[in-house]
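Enquirer: Let me give you the structure first, and then I'll get to my questions.
Bear in mind these aren't lab numbers, they're just calculated from the coordinates by the rules spelled out. Keep in mind the model is a prediction, meaning the values are calculated, not measured. Ideal geometry is used to build each Cβ from the backbone, glycine not excepted, and the neighbour counts take in all protein chains shown.
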Amino acid sequence: MKVVRFWPGYASFGWVSVFILFHIYWAFGGRFGLGGASNPIPPFPTSLSEWIYFFVVLIMFAAGTIVPLAMIQSWGRYLTRRIIMIACWIGCLVLILRGGAGFVDDFFRSTGLLPNGITGLTYAQIYGDEHISTYTQWSSRAMDGYFFLGGVLYGWAAWFYRSRVA
């Protein structure tokens, strides 16, 4: 029974570990998973708002790594259950919204109902290319699916953590 209760925390930690490793790989010039777009990686931050966004994302990476571990490691007892639960549910919500919004945006672009999707951005603004390849479209869908999966895993972990005896 103990393994079953900890499994969602380990699954969430595994998800975020792969997520971080891919970002490190891309930061060093790797291209797998980004499709064939000519400009898939955002430029280095230059304005104050870009730096703020960069640090918010960095904090989310750190929290996304610590929260699942805090659920399954003994040192997690030093954090309040409420903080861990709130952080995990926020992670769940953010990841599901990010993945789901990507699916919705892609649906509207693909069907032609909204040629610039729900974001109002053209493919050129997003990928750096006016017309994107099928490989790029499927890479984007896979990325949206990975975000959605992360949200499900964090929600699953929060659900099991909630039922754990304090």
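Per-residue answers, yes or no, for (1) closer than 17 Å to Val152 by Cα; (2) touching a residue at least 12 places away in the same chain (Cβ under 8 Å); (3) surrounded by fewer than 16 Cβ atoms within 10 Å (Cβ to Cβ):
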{"site": "Gly36", "(1), (2), (3)": "no, yes, yes"}
{"site": "Thr46", "(1), (2), (3)": "no, no, yes"}
{"site": "Glu50", "(1), (2), (3)": "no, no, yes"}
{"site": "Gly64", "(1), (2), (3)": "yes, yes, no"}
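Enquirer: While we're here: What pairs come up if the first residue lies in segment 114-142 and is among the aliphatic types (A, V, I, L, M), the second is surrounded by fewer than 17 Cβ atoms within 10 Å (Cβ to Cβ), and their beta carbons are under 8 Å apart, counting only those six or more places apart or on different chains?
Expert: Correct list of pairs: Leu114/Phe108; Ile118/Ala101; Ile118/Val104; Ile118/Phe108; Ala124/Glu130; Ile126/Thr119; Ile132/Gly36; Ala142/Gly33.
Enquirer: Here is a check on your reading of the model: is Ile90 out of contact with any His (no Cβ under 7 Å at 6 or more places or on another chain) and under 30 Å from Ser163 (Cβ atoms)?
Expert: yes
Enquirer: Would you check if there is a residue in segment 90-113 being in a loop (DSSP other than H, G, I, E, B) and surrounded by 16 or more Cβ atoms within 10 Å (Cβ to Cβ)?
Expert: Looking for residues that are in a loop (DSSP other than H, G, I, E, B) and surrounded by 16 or more Cβ atoms within 10 Å (Cβ to Cβ), one finds none in segment 90-113, hence no.
Enquirer: I'd like the full set of residues that are farther than 17 Å from Phe13 by Cα and either within 15 Å of the chain's Cα centre (by Cα) or surrounded by 13 or more Cβ atoms within 10 Å (Cβ to Cβ) (or both), limited to segment 66-82.
Expert: Leu79, Arg81
Enquirer: On to the next question. Does Val57 fit the bill of being under 16 Å from Phe147 (Cβ atoms) and exposed (fewer than 14 other Cβ atoms within 10 Å of the Cβ)?
Expert: yes
Enquirer: Another question about this same structure. How many residues, within segment 66-89, are over 18 Å from Gly151 (Cβ atoms), without any contact (Cβ under 8 Å) to a residue 60 or more places away in the chain and assigned to a helix (DSSP H, G or I)?
Expert: Within segment 66-89, residues that are over 18 Å from Gly151 (Cβ atoms), without any contact (Cβ under 8 Å) to a residue 60 or more places away in the chain and assigned to a helix (DSSP H, G or I) number 8.
Enquirer: Mind checking which residues of segment 125-135 are under 29 Å from Phe61 (Cα atoms) and exposed (fewer than 14 other Cβ atoms within 10 Å of the Cβ)?
Expert: Result: Gln125, Gly128, Tyr135.
Enquirer: While we're on this one: Please specify each residue of segment 34-52 satisfying the condition of being more than 20 Å from His131 (Cβ to Cβ) and touching a helix residue (DSSP H, G or I) at 6+ places or on another chain (Cβ under 7 Å).
Expert: Across segment 34-52, the qualifying residue is only Pro45.
Enquirer: A further question follows. If we scan segment 5-17, do we find a residue that is out of contact with any helix residue (DSSP H, G or I) (no Cβ under 8 Å at 6 or more places or on another chain) and among the basic types (Lys, Arg)?
Expert: no
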